[in-house]
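The next block holds one structure in the form of C-alpha cells; read it before the comments.
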Amino acid sequence: REDLDDLMICAKELLDYFNDIIDFSNIEANSLPLIHKKFHFKTLLSKLIKLETPAANAKQLKLHYEHDEHIPDVVIGDNFRLYRVLVNLVSNAIKFTKTGFIRIATAVLSEDADKRKVIINITIEDTGIGISENHQDYIYEKFSRLNPSNQGKYRGLGLGLKIVKQFIADLDGDIEVESTLGKGSIFSCTLPFTIPLEHQTTNKGKRHSNE
C-alpha cells in the first residue's frame with residue numbers, strides 16, 4: 001500500500017511537471033484559444049478533489065471542500081483554464097503545508113439573470129509556510145521561488161503561479177492573496193461565467209461541505 005501511494009504521488013508530480021511545461025509553452029506561443037463551452041461546475045471541482053486527495057492523505061492533511069449551492073449546475077466558460085488554475089493552486093497548497101488543512105470554498109458574488117452572467121469566487125486556504133509580505137508582489141513571475149533555501153526541499157519548476165495569473169487574466173478574472181509567514185495563505189479567485197438559457201433559474205439551496 002505504501003509503495004502504491006508513493007507511485008501515485010510520483011506520477012502526480014510528473015504529470016504536474018509536464019502540464020506546467022505544456023501550459024507555459026502554449027502561453028509563450030499564444031497558441032491556446034479560449035474555450036466557451038458548457039460544463040458542470042461542481043463536477044469539475046469534484047474531479048479536482050479526487051485528483052488531489054491522495055497527495056493530501058499522504059501528508060495527513062485535511063482537504064475540505066465547501067460548495068455554494070447557489071452556483072448554477074451548468075455554466076459556460078473555459079473549463080480547461082479554470083481546472084489548470086485550481087490544480088496549480090491546490091497542488092501548491094498541499095506542497096507547502098506540513099500540518100493542518102487545505103480548504104476550497106466557492107461562493108456566488110453576483111448574478112444577473114437578464115444578462116445571463118454570474119460571478120463566482122473560489123478561495124483556496126492552507127495552513128502552510130505562508131508568504132512574506134515582501135515576496136507577495138513577484139510570486140507570479142516565471143521561475144520565481146519563495147526562498148532560495150526552499151529549492152532543494154520543495155520541488156517544482158516555478159511556473160505554476162505564472163500560469164495561474166495568465167489564465168485568470170485570459171478569463172477576465174482577478175486573483176488576490178492574503179498570507180502570513182508561518183501561518184498560511186489564502187488565494188482568492190474571482191471569475192465571470194455565462195449562464196446557459198436552460199439553467200437561468202436560481203438554485204435556492206444552501207452551501208454544504210464535502211470532506
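The values are calculated or read from the model by the stated rules, or taken from the named source; none is laboratory data. Keep in mind that this is a model prediction, so the values were computed, not measured. Glycine gets a Cβ as well: all are built from the backbone with ideal geometry, and neighbour counts include every protein chain shown. With ligands, DNA and RNA removed, areas are computed over all heavy atoms of the protein, side chains included. Shrake-Rupley method; radii C 1.70, N 1.55, O 1.52, S 1.80 Å.
Check Val164, Val90 and return the single one that is modelled with pLDDT of 90 or more and farther than 24 Å from Ala58 by Cα. Of the residues listed, the single one that is modelled with pLDDT of 90 or more and farther than 24 Å from Ala58 by Cα is Val164. So, Leu32, is that one modelled with pLDDT of 95 or more and either crowded, with 17+ Cβ neighbours inside 10 Å or among the hydrophobic types (A, V, I, L, M, F, W, C) (or both) or not? So Leu32 does not fit the description; no. Checked against the criterion of being of a type in the set (Asp, Glu), more than 18 Å from Cys10 (Cα to Cα) and modelled with pLDDT of 95 or more, the candidates Asp68, Asp78, Asp114 yield just one match: Asp68.
Is it the case that Leu51 is surrounded by fewer than 17 Cβ atoms within 10 Å (Cβ to Cβ), within 13 Å of the chain's Cα centre (by Cα) and either modelled with pLDDT under 90 or part of a loop (DSSP other than H, G, I, E, B) (or both)? Show your work before the answer.
Values: surrounded by fewer than 17 Cβ atoms within 10 Å (Cβ to Cβ): yes; within 13 Å of the chain's Cα centre (by Cα): yes; either modelled with pLDDT under 90 or part of a loop (DSSP other than H, G, I, E, B) (or both): yes.
Here the answer is yes, as Leu51 does meet what is asked.
So how many residues does segment 101-135 have that are part of a loop (DSSP other than H, G, I, E, B) and open to solvent by 40 Å² or more (accessible area, probe 1.4 Å)? Result for segment 101-135: 6. Restricted to segment 137-161, and to residues there that are surrounded by fewer than 20 Cβ atoms within 10 Å (Cβ to Cβ) and assigned to a helix (DSSP H, G or I), the residue that is modelled with the lowest pLDDT is Ser149. When Asn134 is tested against (1) touching a residue at least 24 places away in the same chain (Cβ under 8 Å); (2) farther than 18 Å from Lys42 by Cα; (3) of a type in the set (S, T, N, Q), just one condition goes unmet, and that condition is (1).
Being at pLDDT below 90, more than 14 Å from the chain's Cα centre (by Cα) and within 16 Å of Asp73 (Cα to Cα) is a condition met by no residue of segment 118-136.
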